[in-house]
Amino acid sequence: MILAAGDGGRLGQATSDLPKPLVPLASRPIIQYTLEALSASGVSEAVVVTGYRGEQLRQGIERLATSGPVTSFVENANFEAGASLSLQAAREACGTEPFLLLMADHMLSHPIIRSLREAYVPGGPSLVATDAAPWPKAYVDEATRVRLAPGTREVVAIAKQLSPWDALDTGAFLLSPDAWQAIDAVPADCELSVIFSEIARRNQLLAVDVSGASWYDIDTAADLEAATRIVAAGGIR
């Protein structure tokens, strides 16, 4: 499941006439990196949750069909509300199987997807890909942070401005079917951090360290420039 419904307002003029996932990053749409990462990791199907400029986004992704998995679409008409509604919009499409949950505005590389898939144990807890490498303070200040139980991979807290913390949330998850129980337990309209905090509270969220793999959360024009420099400096790894 790829969440792609938001209007990307923090990117300013770049999203005034273009959905954020189609904004160019080193001459390629942001979402193309995720679609190619999925394909390179052996994922053959994806569902994209659309909202802002949804038809334009659908057409843009369909033009990228050779760059990723077979893609279907569901709409979150209430995309200006909490991202939890995008999750619920795709619930039927996910069925009762474990599923990857990804963000269309995160540049991701295939080692992140592969690491999640290899670490998942059927019937086991949900997973979040985390990065414990040093990051600039300005980026950390905007990022979602993860705290682990000492000496384990168990996530005990996940939030922005969390202190102390052990790693950053890369925006890539592999959720077990049990995650829907946590989703049902929180307000229907809420941010994803509320859902992940509830999953962690139930001791059902483990971290998978992907430090060294390429990723970037693109919220602002400065983020887009930084991600472009990463691609230009050495490509996606």
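The values are calculated or read from the model by the stated rules, or taken from the named source; none is laboratory data. Small disclaimer: the values here were computed from a predicted structure and weren't measured. Note: ideal-geometry Cβ built from the backbone for every residue, glycine included; neighbour counts use all protein chains shown.
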**OP:** Looking for whichever is within 27 Å of LEU11 (Cα to Cα), modelled with pLDDT of 95 or more and not acidic (Asp, Glu) here; the options are VAL121, VAL48. Which one fits?
**Re:** VAL48
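Residues of the stretch 45-97 being among the hydroxyl-bearing types (Ser, Thr, Tyr) and in contact (Cβ under 8 Å) with a residue 40 or more places away in the chain, which ones?
The answer is THR50, TYR52, SER84, SER86, THR96.
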**OP:** Scan the stretch 160-208 residue by residue and report those that are acidic (Asp, Glu) and in contact with a strand residue (DSSP E or B) (Cβ under 9 Å, 6 or more places away or on another chain).
**Re:** ASP166, ASP169, ASP178
**OP:** Residues being under 14 Å from GLN204 (Cβ atoms) and not hydrophobic (A, V, I, L, M, F, W, C): count how many of those fall in the stretch 148-177.
**Re:** 5
Subject >> Complete set of residues in the stretch 21-37 that are in contact with a helix residue (DSSP H, G or I) (Cβ under 6 Å, 6 or more places away or on another chain), touching a residue at least 40 places away in the same chain (Cβ under 8 Å) and in a helix (DSSP H, G or I) >> reply: PRO21, ILE30, ILE31, GLU36, ALA37
**OP:** Tell me which residues, restricted to the stretch 160-187, are assigned to a strand (DSSP E or B) and at pLDDT 95 or above.
**Re:** ALA167, LEU168, ASP169, THR170, GLY171, ALA172, PHE173, LEU174, LEU175
Original post:
Name the residues in the stretch 53-93 that are over 19 Å from GLU191 (Cβ atoms), of a type in the set (D, E, K, R) and in contact with a helix residue (DSSP H, G or I) (Cβ under 8 Å, 6 or more places away or on another chain), would you?
Top reply: GLU75
Original post:
Assuming GLN56 fulfils every condition listed in (1) farther than 23 Å from TYR216 by Cα; (2) under 14 Å from the mean Cα position of the chain (by Cα) apart from one, which condition is it?
Top reply: (2)
Original post:
Can you pull out the residues in the stretch 91-116 that are crowded, with 21+ Cβ neighbours inside 10 Å and among the small types (Gly, Ala, Ser)?
Top reply: ALA104, SER109
Subject >> Check on GLN181, farther than 22 Å from PRO122 by Cα, surrounded by fewer than 22 Cβ atoms within 10 Å (Cβ to Cβ) and either more than 17 Å from the chain's Cα centre (by Cα) or hydroxyl-bearing (Ser, Thr, Tyr) (or both) >> reply: no
Original post:
Would you call VAL121 touching a residue at least 24 places away in the same chain (Cβ under 8 Å), β-branched (Val, Ile, Thr) and more than 23 Å from ALA81 (Cα to Cα)?
Top reply: no
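Hey, among ALA172, ALA213, which residue is more than 20 Å from ALA159 (Cβ to Cβ) and crowded, with 21+ Cβ neighbours inside 10 Å?
Values: ALA172 fails: more than 20 Å from ALA159 (Cβ to Cβ).
Criteria check complete, one pass: ALA213.
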